[in-house]
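The values are calculated or read from the model by the stated rules, or taken from the named source; none is laboratory data. Computed from a predicted structure; not experimentally measured. Glycine also receives a Cβ, built like all others from the backbone with ideal geometry; neighbour counts cover every protein chain displayed.
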Amino acid sequence: MIKAVFKSGALQIIGFGAGFCVHIFLARILGSAEYGALNFIYALSAVLAMIAMFGLPQACVRLIQEYTVKNKAATMKGLLVFAQLWPLAAGLVLSGIAYGGLWALGQFSAPMLLIAGGALVPLIALLRVQSGILRGFQRAALSVFYEVTYREVAFLTALLLVFVSSAFALSSVSALWALVGVFMGGIVLAGIAILKIITQKAPDLRAVYTPHYWLSLSWPMMMAVAMRMLMLRTDVITLGFMVSATSLGVYAGAAKLSMLMALAQMAVMPFFMPQAAKLFQNGKMQELRRLFYKAQKLQALGGAALLIVLIIFGKLLLSILGAEYVAGYNVFVILVIGQFISVVSGPASALLEMSAHEKTAMKIVMACAGLNLVLTPVLIFWVGIEGAAIATAIAFSAQNLAAYGVARQKGLIGGKAHATGT
């Protein structure tokens, strides 16, 4: 497990580093107006893709292990086909409505920008579902590579090629179309890997489809993802109404860099989720608990190392964005500490989702998102941008700590059950 986690972590770091270079490069080359337009379109496409996925990336991890244990190869084949067709169809419908509406309202004068944004929605959704499928088959490193490393490295390479080429001028439009090409390439490569798996698992079987069951399982997972996204955006959105653009920019820079702490958890998740689902389906509860505590220990050790490095070198990292961003160091420290508390409590939310408690996990995230909505404006009013950071840190810490407590209550970890098994 340790080797797999380090491999996944290394791929995550490479991807994050390339992504960081992409943002600095685009911010400096495009200028604030074009860079802002690009970020708006990509953010909108990412939100629409999240809805189009309908929680299928997480559901596939659990369902693949369920069908493997129960030897339902035909149903698994049906799932793999359905899970890749759904995000394409749903993504096309959602992008048509959203970007068609923006065009009708005259929000953007560049139609190619809207077309590129619309094309991204089904592509983002499909690649993330394919990544979930690969995780379900315990191809953790391959999953991380296509979803994170390949995407960021290929995008950076494509941007540099466009920049040095005299055929195209680098703009928000050309950058988005380069990203469309990157996602299409990733989909083809991931699709080939999945096709090989299908031919091995169910070469001549006729696919069996149970979409009602699959979607009934996936929608709570989608809601949980949506609420986590809301928690990530509540601070910036609220600050946009309450503070100056300069203060908002300082906060946003600090918040983005604080996500480095998430690497400790992101390195563990691709390996933990399919293993947890497999052990739960096999009824091996004692091994499931050992897996959880091992993952928790790895997250805590990685988180502690990152905490020390980030707090010591935080001002230096912020200064890379610009001298004015150093003023956000307190925000950075608060957010990093909040994420550290979440990290050391272990992958409790993922454990609930992989053990038939996805609705409970959803309710916890929804409650913490509501708490964040209430706390954020109150604390901003009292202490400024640091208040937004405190509210966000409390919400994310509460989410994982609550999930940990519920997992103990249900006997998934800890207590007498931890000692004797079930």
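The table below gives the values:
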{"quantity": "Pick from region 239-264, criterion surrounded by 22 or more Cβ atoms within 10 Å (Cβ to Cβ) and not hydrophobic (A, V, I, L, M, F, W, C), ranking: farthest from I380 (Cα to Cα)", "calculated": "S258"}
{"quantity": "Residue within region 203-213 that is buried (at least 18 other Cβ atoms within 10 Å of the Cβ) and either closer than 15 Å to A83 by Cα or among the hydroxyl-bearing types (S, T, Y) (or both) present", "calculated": "no"}
{"quantity": "Only listed residue being touching a residue at least 12 places away in the same chain (Cβ under 8 Å) and not assigned by TED's automatic domain parsing to the domain that holds V309, chosen from L230, L205, L263, L239", "calculated": "L205"}
{"quantity": "Residues of region 215-250 classified as of a type in the set (F, W, Y) and within 21 Å of the chain's Cα centre (by Cα), total", "calculated": "1"}
{"quantity": "Flag if M223 is at pLDDT below 85, assigned by TED's automatic domain parsing to the domain that holds G338 and within 21 Å of G55 (Cα to Cα)", "calculated": "no"}
{"quantity": "Qualifying residue in region 32-48 (condition: within 30 Å of G322 (Cα to Cα), touching a residue at least 12 places away in the same chain (Cβ under 8 Å) and out of contact with any Leu (no Cβ under 9 Å at 6 or more places or on another chain))", "calculated": "yes"}
{"quantity": "Check on A407, farther than 21 Å from P274 by Cα and either modelled with pLDDT under 95 or crowded, with 19+ Cβ neighbours inside 10 Å (or both)", "calculated": "no"}
{"quantity": "Residue that is surrounded by the most Cβ atoms within 10 Å (Cβ to Cβ) [pool: residues in region 318-366 that are among the small types (G, A, S) and over 25 Å from A300 (Cα atoms)]", "calculated": "G328"}
{"quantity": "Test: G55 is out of contact with any Cys (no Cβ under 7 Å at 6 or more places or on another chain), on the phi > 0 side of the Ramachandran plot and modelled with pLDDT of 90 or more", "calculated": "yes"}
{"quantity": "Lone unmet requirement of (1) at positive phi; (2) of a type outside the set (A, V, I, L, M, F, W, C); (3) part of a helix (DSSP H, G or I) for G411", "calculated": "(3)"}
{"quantity": "Residue list for region 100-123, filter: over 23 Å from the mean Cα position of the chain (by Cα) and not small (G, A, S)", "calculated": "L102, W103, L105, Q107, F108, P111, M112, L113, L114, I115"}
{"quantity": "Condition check for A169: within 16 Å of L48 (Cα to Cα), of a type in the set (A, V, I, L, M) and out of contact with any Leu (no Cβ under 8 Å at 6 or more places or on another chain)", "calculated": "no"}
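For (1) in contact with a Gly (Cβ under 8 Å, 6 or more places away or on another chain); (2) more than 30 Å from Y67 (Cα to Cα); (3) assigned to a helix (DSSP H, G or I), each residue gets a yes or a no:
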| position | (1), (2), (3) |
| --- | --- |
| V236 | no, yes, yes |
| L239 | no, yes, yes |
| M259 | no, yes, yes |
| A276 | no, no, yes |
| F280 | no, no, yes |
| L298 | no, no, yes |
| L307 | no, yes, yes |
| L318 | yes, yes, yes |
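Residues are listed down the side, and each one gets a yes or a no for (1) outside any loop (DSSP other than H, G, I, E, B); (2) crowded, with 20+ Cβ neighbours inside 10 Å:
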residue: A116; (1), (2): yes, yes
residue: A125; (1), (2): yes, yes
residue: L159; (1), (2): yes, yes
residue: A169; (1), (2): no, no
residue: L179; (1), (2): yes, yes
residue: M184; (1), (2): yes, no
